[in-house]
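Below you'll find the structure, written out as structure tokens, and then a few comments.
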Amino acid sequence: MRPAPWRVTHKRRDTEDTWTLELVKYGNGDVEPYAPGQFAMLYAFGAGEAPISVSEIGHRRLVHTVRAVGPTTRAICALDTGAQLGVRGPFGTSWPMEASEGSDVVIVAGGIGLAPVRPAILHVLANRERYGRVSVLYGGRSPADLLYQDDLERWRSRFDVDVDVTVDAAPGDWRGRVGLVTKLIPRAAFDPTDTVAMIVGPEVMMRFTALALRERGVPADQVHVSLERSMRCAIGLCGHCQLGPAFVCRDGPVVTWERAEALLEVRER
């Protein structure tokens, strides 16, 4: 699959090292629909290609939130409005939006992990009547590292979703919670026998969040995580993202904790 040309129509700086880019495809060709949780391969000409989760989905429009951590992602983040980049996708598995209907939904994100799960939150809120109680639990290193602060305030203003935010460390003027995001789980309101959980963040955070949800009684096959590994081809051929018997680009990134727990015990070489 060759990268198709897309144009940057809007750019916003979210944190010191993170930007959100809104993309629109050139021409009149069809755009294969993306599902919440899937990712695209973004190609910065002359720099390389990187897998980036979709943070919002629209008609012939994609939004990606990108942290500048290497040459390719730094080149993507440096693109200005009007610049062109290549896009391949969609790739990977998605969040279980249909299977979650009728159940309580608990979404737990750490740091930039809010970006891959944001389309799921937007979908649930746009179809609120299809779901039970909804909790969004979000943690960051500091208040300055929190993404989508306008979204968080807007979601907080609703009466049909519980939003709880915490940071690892904060200055004296911070009036919110301080502590690990896992500490928010015991106080969240949901029925563990009828809950679907979606988790994204650093691997250690996902592990302890899944364990905390399991301790609350949520079945392992109803806890979903989004895995991250180095990817090149995105179609399960090159082997860069192989994790035991699974290829994260093809069999993931979204998998149940029932499956992920065993996969994460595999040592990378």
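The values are calculated or read from the model by the stated rules, or taken from the named source; none is laboratory data. None of the values given here were measured: they were computed from a predicted structure. When we count neighbours, we look across all protein chains shown, and the Cβ atoms used for this are built from the backbone with ideal geometry, even at glycine. Please note that ligands, DNA and RNA were not included when accessible areas were found on the heavy atoms of the full protein model with its side chains. Shrake-Rupley method; radii C 1.70, N 1.55, O 1.52, S 1.80 Å.
Quick notes
- Using C-alpha pairs under 8 Å with a sequence gap of at least 6, the mean separation divided by the residue count of the chain gives a relative contact order of 17 percent.
- Average Cα contact separation per residue, the range 38-80, under 8 Å, 6 or more apart, as relative contact order %: 31
- Inter-part distance, the range 24-38 to the range 173-226, computed on C-alpha centroids, equals 31 Å.
- A Cβ-based charge dipole, computed about the Cα centre of the range 1-119 with Lys and Arg at +1 and Asp and Glu at -1, lands at about 460 debye.
- Using only side-chain charges placed at the Cβ, +1 for Lys and Arg and -1 for Asp and Glu, the dipole size of the chain relative to its Cα centre rounds to 600 debye.
- Antiparallel bridges, percent of DSSP beta bridges restricted to the chain (to nearest 5): 60
- Global form of the range 1-154, assessed from the alpha-carbon gyration tensor, a/c cut-off 1.5: oblate
- The chymotrypsin sites (Phe, Trp or Tyr not before Pro) of the range 142-191 that meet both conditions, a loop assignment by DSSP and at most 14 other Cβ atoms within 10 Å of the site Cβ, are Phe159, Trp174.
- Averaged over its residues, the chain has an accessible area of 47 Å² per residue, based on protein heavy atoms and a 1.4 Å probe.
- Segments 224-234, 210-220, 105-115 sorted - mean Cβ within 10 Å per residue, highest first: 105-115, 224-234, 210-220
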